[in-house]
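The values are calculated or read from the model by the stated rules, or taken from the named source; none is laboratory data. This one's a predicted model, so the numbers in the text were calculated from it and none came from an experiment. Positions of Cβ are generated from backbone atoms using ideal geometry, with glycine treated the same way; all protein chains shown enter the neighbour counts. Only protein heavy atoms, including side chains, enter the accessible area calculation; ligands, DNA and RNA are left aside. Shrake-Rupley method; radii C 1.70, N 1.55, O 1.52, S 1.80 Å.
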Amino acid sequence: MVPAMAQPAISASNGVLNASSYLPDIARGSWFVIFGSNIGPASLALASGSPFPTELAGTRVTFTPAAGGTATDARLWYTSAGQLAGLLPSGAPAGDYDVRVVFNSQTSAARRVRVVERSFGF
């Protein structure tokens, strides 16, 4: 018997943030972090370098335009059960997106985020 895997879940409050400022808007072509549960492996998995993969240790992150359209796969830097970091491709147009984490073929509920042209933060 194979044990059931818990579905990934993005934290309801401040689950998807700009990695530089920890503010909610994500700029095109910038790093972001996602906090949650079961969003990656128990031990930290780190990408070996550029180009960063769209899937890392069974984890994938998609940004789907809220108005409809094709999902954009983020590039992943690291992933673990409670946190991951990724790079939103610069080709993603500004607007509202539904972000989902897929881990081992199970998909989280969507979290709505705003993608902006630029977001300064240090």
**Message:** Among the residues of the range 40-48, are any open to solvent by less than 70 Å² (accessible area, probe 1.4 Å) and either polar (S, T, N, Q) or in contact with a His (Cβ under 7 Å, 6 or more places away or on another chain) (or both)?
**Reply:** no
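Taking the options Trp77, Trp31, name whichever one is aromatic (Phe, Trp, Tyr) and under 15 Å from Val115 (Cβ atoms).
Values: Trp77 fails: under 15 Å from Val115 (Cβ atoms).
The unique qualifying residue is Trp31.
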**Item:** Failed item, numbered, when Asn14 is tested on (1) under 13 Å from the mean Cα position of the chain (by Cα); (2) at pLDDT 95 or above
**Value:** (2)
**Item:** Inter-residue pairs, beta-carbon under 9 Å, first more than 12 Å from Gly86 (Cα to Cα) and polar (S, T, N, Q) and in the range 41-53, second open to solvent by 40 Å² or more (accessible area, probe 1.4 Å) and part of a loop (DSSP other than H, G, I, E, B), 6+ apart
**Value:** Ser43/Ala57
**Asked** Counting only residues that are farther than 14 Å from Pro51 by Cα and aromatic (Phe, Trp, Tyr), which one in the range 71-107 is surrounded by the most Cβ atoms within 10 Å (Cβ to Cβ)?
**Response** Tyr97
**Complete:** Output for Cβ contacts, cut-off 8 Å, separation at least six or different chains, first residue under 14 Å from Pro41 (Cβ atoms) in the range 102-113, second among the charged types (D, E, K, R) and open to solvent by 70 Å² or more (accessible area, probe 1.4 Å), reads Val102/Arg60; Phe103/Arg60
